[in-house]
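For reference, the structure is listed below as structure tokens.
FYI, it's all coordinate maths here, none of it is from the lab. Fair warning: this is a prediction, and the values are worked out from it, not measured in the lab. Every residue, glycine as well, gets a Cβ built from its backbone with ideal geometry; the counts of neighbours run over all protein chains shown.
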Amino acid sequence: MAGSVTVVTLKASPFTLTRELPGRTNAYAVAEVRPQVSGVVKERLFTEGALVKAGEPLYQLDDAAYRASAAGAKAALARAEALVESARLKAARTGELARIDAVSAQENEDAIAALRQAEADVGVARAALDSATVVLERARITSPIGGRIGKSSVTAGALVTANQDAALATVQRLDPIYVDVAQSSTELLALRRSLASGKLAGAGRLPVAILLEDGSRYEHDGKLAFSEVSVDPTTGSYLLRVVVPNPDGLLLPGIFVRALVPGGIRADALLVPQPAITRDPQGNASAMVVGADGKVESRPVKVSRAVDGQWLVDEGLAAGDRVIVEGLQKIRPGMPVQATEAGAAPATPAAAPVAPR
């Protein structure tokens with residue numbers, strides 16, 4: 001008598017291979033705020049921990065000396081411009097007199113040279129004014145980037161010097177944010193071989209899911225932006241950098257996360273329920289299949305990874321195979337069985353007809 005078993009008919013479908021990799025978050029951009037001129041801090045213009053915009057004033061230094069220098073440079077420019085006008089008029093008069101031989105050619109050439117020198121002096125004075133203006137503007141220290149600013153290392157009254165080693169504050173751009181993960185170079189080689197052989201198709205720009213420290217999935221997926229061109233000889237791994245949106249500021253630099261990085265797409269992947277796969281004492285995997293003749297066959301198989309209660313099949317099974325998932329304890333190879341598809345309603349016997357009275 002044929003035994004009853006439950007089977008699953010395998011169907012091929014595209015499947016994206018992913019790899020869960022540990023990583024840490026890093027700021028998208030970091031700028032340390034340092035003074036470019038020396039002076040005493042007159043006022044701090046920001047709130048620690050707040051969001052600041054690029055170009056927003058952060059500190060105001062005492063700029064009285066710089067204002068005086070700028071005013072002196074402006075006056076020197078005005079004086080040079082006045083001398084140019086005088087030299088221009090003199091050169092014009094000398095030129096007219098030279099045409100009627102009222103003055104010598106030497107005097108005319110000297111007047112023209114004096115005009116050119118005066119014009120050059122105007123250029124020097126204008127450059128000096130520009131330089132003084134730049135120095136004056138740098139007395140008001142602004143944010144080089146937009147982002148969240150940390151604590152201030154100085155207060156009003158502190159003396160700071162140009163290009164000092166200690167930063168006054170640090171601004172970090174956190175939206176988007178980087179997630180840096182490391183992948184084994186062995187896995188990279190295996191992936192490239194599979195892509196070259198045609199077993200896998202490139203994953204392209206598929207999204208990268210982020211898992212937080214508590215195991216929950218972050219609501220925004222990232223995208224792979226960069227992979228290192230060399231392998232770290234101490235760890236045998238290389239760096240992958242993922243850009244992740246962070247509009248709510250939930251992710252902060254230094255948080256440990258895990259990234260589900262897509263590695264490739266298998267166009268005809270087969271997934272078989274885990275109860276259908278058994279292993280012998282040597283670890284070899286096999287599956288029981290109901291053949292076309294209704295008898296049980298034992299198939300050696302190779303599986304690579306577990307996916308939501310199923311095994312991804314590499315070898316041994318094909319689309320259309322009916323793999324036994326229930327009733328394995330009461331069957332053996334070659335035994336005829338009655339197969340029922342998993343999830344199908346069991347057949348009910350027809351009711352006996354009622355005899356007429």
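Quick notes
- Label-to-label distance, nm, for residues given as Arg116 and Ala342 (7 Å Cα→Cβ offset): 9.5 nm
- Rounded Å value of the spacing that divides the Cα centres of the range 12-74 and the range 307-328: 57 Å
- Checking (i) 5, 23, 32, 27, 12, 2, 0; (ii) 5, 24, 36, 26, 7, 1, 0; (iii) 5, 14, 14, 13, 12, 10, 9, 8, 6, 4, 3, 2, 1, 0, 0, 0 against the coordinates, the calculated P(r) over Cα pairs in 10 Å bins from 0, in percent falls under label (iii).
- Share, in percent, of DSSP beta bridges within the chain that are antiparallel, nearest 5: 95 percent
- Segments 239-247, 93-101, 66-74 sorted - mean Cβ within 10 Å per residue, highest first: 239-247, 66-74, 93-101
- Multiplying the residue separation of Ser216 and Gln60 by 0.36 nm and subtracting their alpha-carbon distance yields 51.7 nm.
- Dipole moment magnitude, nearest 20 debye, the chain about Cα centre, only Lys, Arg, Asp, Glu C-beta charged: 1120 debye
- Value of relative contact order over the chain, rounded to a whole percent, pairs C-alpha under 8 Å and six or more apart: 29 percent
- Summary value for the range 64-138: 52 percent relative contact order, contacts being C-alpha pairs under 8 angstrom separated by 6+ residues.
- Here each label is just a point 7 Å from Cα along the line to Cβ, and for Ala71 and Ser304 those points are 7.7 nm apart.
- Taking 0.36 nm per residue of separation and subtracting the Cα-Cα distance, full extension of the segment from Thr235 to Asp314 would add 25.5 nm.
- Spin-label pair Ala158-Ala50: with each label point 7 Å from Cα along the Cα-Cβ axis, the two points sit 1.8 nm from one another.
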